[in-house]
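Shown next, in structure tokens, is the structure this report addresses.
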Amino acid sequence: MNSFQLIEYAAWALSIVLGLYMLFDTIRTNRAYSEDLLTSSREGEIDEALVIDPPHQGGHL
Amino acid sequence: MNQTTAVHGEKISLLRVLGPAHVWALGVGIVLVGEYMGWNFAVGKGGAIAALIACWAAGLLYTCVAMIDSEVTSTVAAAGGQYAQSKHIIGPLMAFNVGLYLVFAYTMLEAANAITLGYLVQTVGQMAGFAEAQDKPFIVLAIVFLAWLNYRGVYATLTVNLVLTAIAFIAVVILFTAVKPWSTEMLNHKEILNGLPYGWIGVLASLHFGLWYYLGIEGTCQAAEEVRSPARSLPLGTMAGIMTLLIAATMTWYLCSGLMPWEYLGQATTPLFDAARLTSSTPLMVLLFIGTMFSTLASANGCINDASRAWFSMGRDRYLPTWFGAVHPKNRTPFRSIVFLVPVALTFAYFAPLDQVITFSILSGLLGYTYMSIQVIFFRQMWPLDMIKRGYVHPFHPIPALVLLTICSATYFAVFLGYGTQLVAMMVFFIVASLWFHFHRYKYVRRGDQFTMNWPRPQGY
């Protein structure tokens with residue numbers, strides 16, 4: 001096995017890890033919160049007070 | 001404890017954290033890869049002069065798109081962009097089609113970017129002596145990694161895009177300066193340019209790939225629900241974006257057409273990188289290789305952002321199953337739409353040829369632009385300037401709409417010349433999808449709920 005093949009395996013492994021992370025997090029989130037809450041977003045509503053779970057700001061701390 | 005009760009509120013919305021720079025990064029980020037590769041196939045269709053005419057004709061088309069988009073989006077500030085606009089201005093069936101155009105255009109473009117990225121890494125591997133180097137692991141990694149980034153949050157995603165896009169744009173400017181455009185020391189337009197080898201039909205044919213210089217700039221308005229000040233940020237980011245692209249496209253054409261004969265340029269895979277190689281400067285070669293990789297990543301990243309917002313909006317309005325209209329309570333992203341579109345992009349990237357993927361992306365975009373020209377005429381008639389306050393008013397109405405419609409019509413003919421079967425196949429697909437929506441899906445839509453803008457009754461109704 002050459003070093004480029006190692007990089008290829010690493011790429012496959014990272015892809016699987018990230019893919020599984022998204023899948024498991026989606027399943028966990030679906031179970032943890034009610035469907036009404038998850039789908040409560042409404043078009044055109046501009047309301048800063050809607051922010052929930054303040055420690056998590058979509059990557060913006 | 002039931003975690004449902006731990007949420008400090010009753011509703012979840014997308015997060016309003018973006019500024020004009022993010023909007024610029026989203027629009028230019030999606031498009032700039034077109035300067036690094038793809039535009040030069042227009043040279044193959046009709047020669048370098050034809051590609052320049054196509055560059056400016058497409059530039060005119062997209063300036064009209066950006067102006068029209070900026071006006072309408074500054075009043076319809078909703079995720080889904082043109083989908084939400086057409087829902088309010090024309091009606092549900094048009095909106096459903098526009099939503100599909102958007103998802104197709106961006107998902108195909110994402111797949112094309114991933115294919116290109118895989119090819120670049122494979123080429124580097126082969127140049128390093130690994131003849132068996134594969135592209136597939138890197139195609140998959142690019143799509144999954146960027147989907148993960150989008151899944152985690154919009155601010156980080158588009159900040160990454162801002163950095164990648166800025167570096168890729170600066171790389172073009174540095175290369176342009178390095179070839180000394182003010183002298184004939186390196187550039188040799190006088191000897192290389194050969195007029196129009198296929199005449200004016202070649203010019204028309206080159207319009208097909210001329211779109212590649214700017215395809216996707218209209219994606220800025222997908223961020224409408226996530227920018228802090230939509231009425232200001234969206235027009236500012238979009239107009240700054242199209243100006244950046246017009247400059248980048250012209251610089252790219254000028255330096256590439258002065259360094260390479262059209263027979264080579266017309267089929268080069270990475271024309272800007274090849275131009276850097278012709279300067280024999282190692283730092284420039286490294287810089288342009290990095291620029292090529294970054295522009296590809298930024299484009300795929302922006303495409304995931306835009307396709308997922310369009311899909312999410314259609315789910316939220318019940319045009320698709322409502323399951324897709326969910327927002328992640330912590331990351332504040334349309335997480336189900338992002339995850340759902342990953343296997344779709346992977347399938348196209350893994351199995352479809354690059355030119356087919358690009359053509360389907362161009363066709364979907366073209367259908368969207370055609371609708372925009374009609375929509376803005378309806379918009380101005382139904383809600384004149386004194387009826388609804390706009391954040392931006394585009395000048396010379398209806399000339400931009402008519403120019404847009406004319407150039408779109410010419411481009412359909414150009415696509416038909418090279419990819420007639422795909423054009424017909426795509427039309428058939430959208431007709432079948434429209435029938436499905438009209439006869440099956442629309443009964444699930446809550447008709448009153450889908451119109452959310454607080455607008456007065458339209459004139460004449």
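The values are calculated or read from the model by the stated rules, or taken from the named source; none is laboratory data. None of these values were measured; they are calculated from a predicted model. Here Cβ is always computed from backbone atoms with ideal geometry, including for glycine, and neighbour counts include all displayed protein chains.
Some notes on this structure:
- Residue among B:106, B:155 that is within 13 Å of residue B:301 (Cα to Cα) and either basic (Lys, Arg) or facing chain A (nearest Cβ under 7 Å) (or both): B:155
- In region B:205-323, counting only helices (runs of 4 or more DSSP H) that sit wholly within it, the ones holding 2 or more residues that are within 22 Å of the chain's Cα centre (by Cα) span B:230-259, B:271-278, B:282-316.
- Any hit, region B:49-71, residues being surrounded by fewer than 24 Cβ atoms within 10 Å (Cβ to Cβ) and either in a loop (DSSP other than H, G, I, E, B) or at positive phi (or both): no
- Candidate set: region B:362-390, residues that are at pLDDT below 90 and of a type in the set (Lys, Arg); chosen: the one farthest from residue A:16 (Cα to Cα): B:389
Yes/no per residue for (1) closer than 23 Å to residue B:118 by Cα; (2) touching a helix residue (DSSP H, G or I) at 6+ places or on another chain (Cβ under 6 Å); (3) at pLDDT below 90:
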| position | (1), (2), (3) |
| --- | --- |
| B:199 | no, no, no |
| B:203 | no, yes, no |
| B:224 | no, yes, yes |
| B:240 | no, yes, no |
| B:251 | no, yes, no |
| B:269 | yes, no, yes |
| B:273 | yes, yes, no |
| B:282 | yes, no, no |
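- One residue from B:101, B:83 being in contact with a Leu (Cβ under 9 Å, 6 or more places away or on another chain), under 26 Å from residue B:458 (Cα atoms) and either β-branched (Val, Ile, Thr) or modelled with pLDDT of 90 or more (or both): B:83
- Flag for residue B:243 being surrounded by fewer than 24 Cβ atoms within 10 Å (Cβ to Cβ), without any contact (Cβ under 8 Å) to a residue 40 or more places away in the chain and of a type in the set (A, V, I, L, M): yes
- Test: residue in region B:395-406 that is away from every other protein chain (no Cβ under 14 Å), touching a Cys at 6+ places or on another chain (Cβ under 6 Å) and surrounded by fewer than 18 Cβ atoms within 10 Å (Cβ to Cβ): yes
- Options B:178, B:168; residue that is among the small types (Gly, Ala, Ser), away from chain A (no Cβ under 14 Å) and over 21 Å from the mean Cα position of the chain (by Cα): B:178
- Note on region B:324-346: residues that are at the interface with another protein chain (Cβ under 7 Å from one of its Cβ atoms) and assigned to a loop (DSSP other than H, G, I, E, B) total 8.
- When B:369, B:392 are screened for being touching a Pro at 6+ places or on another chain (Cβ under 9 Å) and closer than 22 Å to residue B:214 by Cα, only B:392 passes.
- Residues satisfying the stated conditions in region A:24-41, i.e. within 7 Å of chain B (Cβ to nearest Cβ) and touching a helix residue (DSSP H, G or I) at 6+ places or on another chain (Cβ under 8 Å): A:26, A:29, A:32, A:33, A:34, A:37, A:38, A:39, A:41
- Test: residue in region B:421-428 that is farther than 30 Å from residue B:42 by Cβ and hydroxyl-bearing (Ser, Thr, Tyr): no
- In region A:10-19, of all residues being more than 8 Å from chain B (Cβ to nearest Cβ) and more than 18 Å from the chain's Cα centre (by Cα), the one that is farthest from residue B:335 (Cα to Cα) corresponds to A:10.
- Residues in region B:338-361 that are among the β-branched types (Val, Ile, Thr) and at pLDDT 85 or above: B:338, B:339, B:342, B:344, B:347.
- Residue B:158 modelled with pLDDT of 95 or more, crowded, with 22+ Cβ neighbours inside 10 Å and under 19 Å from residue B:235 (Cα atoms): yes
- Residue in region B:439-451 that is within 30 Å of residue B:41 (Cβ to Cβ) and either within 14 Å of chain A (Cβ to nearest Cβ) or touching a residue at least 60 places away in the same chain (Cβ under 8 Å) (or both) present: no
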